[in-house]
Amino acid sequence: KEFKKISFKDLSFSYNNNDGDVLTNINLSFNLNSKIGIVGKTGSGKSTFIDLIMGLLKPTSGKILIDENELNDDLISTWQNQISHLPQSIFLINDTIKNNITFNINETEVDIERLKQVIIYAELEDFINKSEKGLDTIVGENGINISGGQKQRISIARAVLKNPPIMLLDEATSTLDSESEHLVQIALDNVMKNKTSLVIAHRLSTVQNADNIIVLEKGKVIESGKHKDLMTKEGLYS
């Protein structure tokens, strides 16, 4: 099933009633098959926003609609099958590069040609070719034997192999040095073509070309629009 639109209706969320809302009275909708940027200072509610979209959290009040249907227990598994999530912290198993990329896919179902293509997309080809054991290189416990940029690119390859129509990126390059970030950004640009992408960004350059940028402050959407329009408004984004 291809979903076309996601809407937030009077949505609020709190982890604990005593601590107040993390997100307050969000009313928002955007079309899928577009690039959406999500920006805001630390603590503005960006990661909570993404977790609600993924169905990992449920609104305290209000609702999320996928097309015209509420995101509830009946819809959630179908919706989550459409999504790949690239978090800030990548978890790798103490196994080969290949087995980390094909994680949760039955070995008999791995398309080798598709795997090769994914490795190129994720800017991993050079690294793998230079590794003595290639795809059979062991990454170590949680990727201790490789760099942060290589870990991120393996996680990108894993997400692309799943080939979901929707990609959620939570500050996916925030922990990298500039050279690694450049390679990872190229990989992300490759994989996000023709997909819906929701990107939490700490660098505005990541979202400048987004179709819509949502600006959060203290749990509220205070403005949204394209980069150029938001710059002329001279609000928080600018």
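One table, with the values for the structure above:
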read-out: Candidate aspartates and glutamates - alpha carbon under 19 Å from LYS98, same-chain residues fewer than 8 apart omitted; value: GLU107, GLU109, ASP111, GLU113, GLU123, GLU125, ASP126, GLU132, ASP136, GLU141
read-out: The stretch 8-47: relative contact order in percent, alpha carbon pairs under 8 Å with at least 6 residues between; value: 33
read-out: Computed helical MRE - 222 nm, the chain, DSSP H runs ≥ 4 contributing -39500 (n - 2.57), nearest 500; value: -8500 deg cm²/dmol
read-out: Once the Cα gyration tensor of the stretch 1-66 is diagonalised, semi-axes √(5λ) in Å; value: 21, 14, 10
read-out: Value of Rg to Rh for the chain (Rh from inverse mean 1/r over Cα pairs, i.e. Kirkwood); value: 0.99
read-out: Accessible carbon and sulfur surface of the stretch 106-238 relative to its total accessible area, %, 1.4 Å; value: 45
read-out: Subset of LYS46/LYS151; LYS162/LYS193; LYS130/LYS151; LYS63/LYS195 violating a 18 Å alpha-carbon distance limit; value: LYS46/LYS151; LYS63/LYS195
read-out: Where GluC sites (Glu not before Pro) fall in DSSP loop in the stretch 115-164, at most 16 other Cβ within 10 Å; value: GLU132
read-out: Förster radius 35 Å - calculated FRET efficiency between ASN190 and LYS9, Cβ distance, rounded to 0.05; value: 0.50
read-out: The stretch 186-225 - convex hull of alpha carbons, volume per residue in Å³; value: 81
read-out: Sparse-neighbourhood loop sites, chymotrypsin sites (Phe, Trp or Tyr not before Pro) in the stretch 34-118 - DSSP loop, at most 11 other Cβ within 10 angstrom; value: PHE91
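The values are calculated or read from the model by the stated rules, or taken from the named source; none is laboratory data. These numbers were taken from a predicted model, which means no experiment stands behind them. Cβ sites come from the backbone with ideal geometry, for glycine too, and all protein chains shown count toward neighbours. Each accessible area value is taken on the protein alone, full model and side chains, heavy atoms only, with ligands, DNA and RNA left out. Shrake-Rupley method; radii C 1.70, N 1.55, O 1.52, S 1.80 Å.
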